[in-house]
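I have placed the structure first, in the form of structure tokens, so that the comments after it can refer back to it.
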Amino acid sequence: ETGVTQTPRHLVMGMTNKKSLKCEQHLGHNAMYWYKQSAKKPLELMFVYNFKEQTENNSVPSRFSPECPNSSHLFLHLHTLQPEDSALYLCASSQDQSAWALGEYGYTFGSGTRLTVV
Amino acid sequence: AQKITQTQPGMFVQEKEAVTLDCTYDTSDPSYGLFWYKQPSSGEMIFLIYQGSYDQQNATEGRYSLNFQKARKSANLVISASQLGDSAMYFCAMRRQNFVFGPGTRLSVLP
């Protein structure tokens, strides 16, 4: 148990489906992140929320829609995805986005949702 | 732009021996943090060790140590006394505000 919980662990969806990924943390962190990990590619930052406000959207297609209702929960809503969107989607949290300057010791990651688009 | 390079796609090491995983980075920022993460087949990213750019001493955490050579912009991870459970992907990462990850090295520990 890492402190960051992602559900579901595995998801298979058709290109016309709508689904949502959920991330939850009770570490008292104020920043939450979505990363995409495709085969043979480095982790790609998708979205950042700091104190519930979206601070970064890394040129992510609109078929991915994030939502952060509070500092403990982060969602990624999916619709009309493409097969190339199949990947491991990792959620992470940290004290806050600027905490690196204080020597904060990195992110806490969830176990990820392995998404397959058929 | 920040960039992380890990030149070893895969590494093998015999159980109980030490292994070094290479990492070089590129940044023009004077202040940054360097991290290593382990990703087993379960998928989660596990924090291993941190080195701040102004830290004078190399970081150590149990069997993990970070060989930090700032002038060469390298931050190699040394794992001593390898165990079978060390078999995983290892990612070097740098943080200014957000993380930039390297492509990873797959370590296989042989019995």
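All alpha carbon pair distances within the protein assembly as shown were sorted into 5 Å bins beginning at 0; the resulting P(r) in whole percents reads 1, 7, 14, 18, 19, 16, 12, 7, 4, 1, 0. Suppose a student asked you for the relative contact order of region B:13-73, using Cα pairs under 8 Å spaced at least 6 residues apart; what percent would you report? Dividing the mean separation by the residue count of region B:13-73 yields 25 percent. Computed on chain B, with alpha-carbon pairs under 8 angstrom and 6+ residues apart, the relative contact order is 38 percent. Can you find, among A:G28, A:F64, B:Q69, the residue farthest towards the positive end of the dipole of the protein assembly as shown? Put +1 on the C-beta of Lys and Arg, -1 on that of Asp and Glu. About the Cα centre, the residue reaching furthest to the positive side is A:F64.
By the Cα gyration tensor, region A:1-103 has an equivalent ellipsoid whose semi-axes, rounded to whole angstrom, run 23, 14, 13 from largest to smallest.
Taking the Cα centre of chain B as origin, work out the dipole magnitude from +1 charges on Lys and Arg Cβ and -1 charges on Asp and Glu Cβ, in debye rounded to 20.
Working: 10 positive and 9 negative charges, 46 e Å.
Around 220 debye, computed over chain B.
If the Kirkwood radius is taken over C-alpha pairs of region A:28-84, then at 20 °C and 1.002 mPa s the Stokes-Einstein diffusion coefficient equals 177 µm²/s. Among A:C68, A:C23, A:C91, the residue with the largest mean-square fluctuation in a Gaussian network model of chain A, with springs joining Cα atoms closer than 10 Å, is A:C68. The chymotrypsin sites (Phe, Trp or Tyr not before Pro) of region A:1-63 that meet both conditions, a loop assignment by DSSP and at most 14 other Cβ atoms within 10 Å of the site Cβ, are A:F51.
Among the listed pairs A:K41/B:K3; B:K38/B:K70; A:K40/B:K16, which have their C-alpha atoms separated by more than 19 angstrom in this model?
B:K38/B:K70; A:K40/B:K16
Here the dipole of the protein assembly as shown is about 440 debye; that uses its Cα centre as origin and unit charges on the Cβ of Lys and Arg (positive) and Asp and Glu (negative). Around the Cα centre of region A:36-86, unit charges on the Cβ atoms of Lys, Arg, Asp and Glu (plus for the first two, minus for the last two) sum to a dipole of about 140 debye. Here is the short version for chain A: A:C68 have no other Cys C-beta closer than 4.7 Å.
Antiparallel as a % of all DSSP beta bridges within region B:1-107, to the nearest 5?
DSSP beta bridges in region B:1-107 are roughly 95 percent antiparallel.
Just so you know, all these numbers are worked out from the coordinates, no wet-lab data involved. Note that the coordinates shown come from a computational prediction; the quantities given were computed from them, not determined experimentally. Cβ atoms come from the backbone with ideal geometry, glycine included; neighbour counts cover every protein chain shown.
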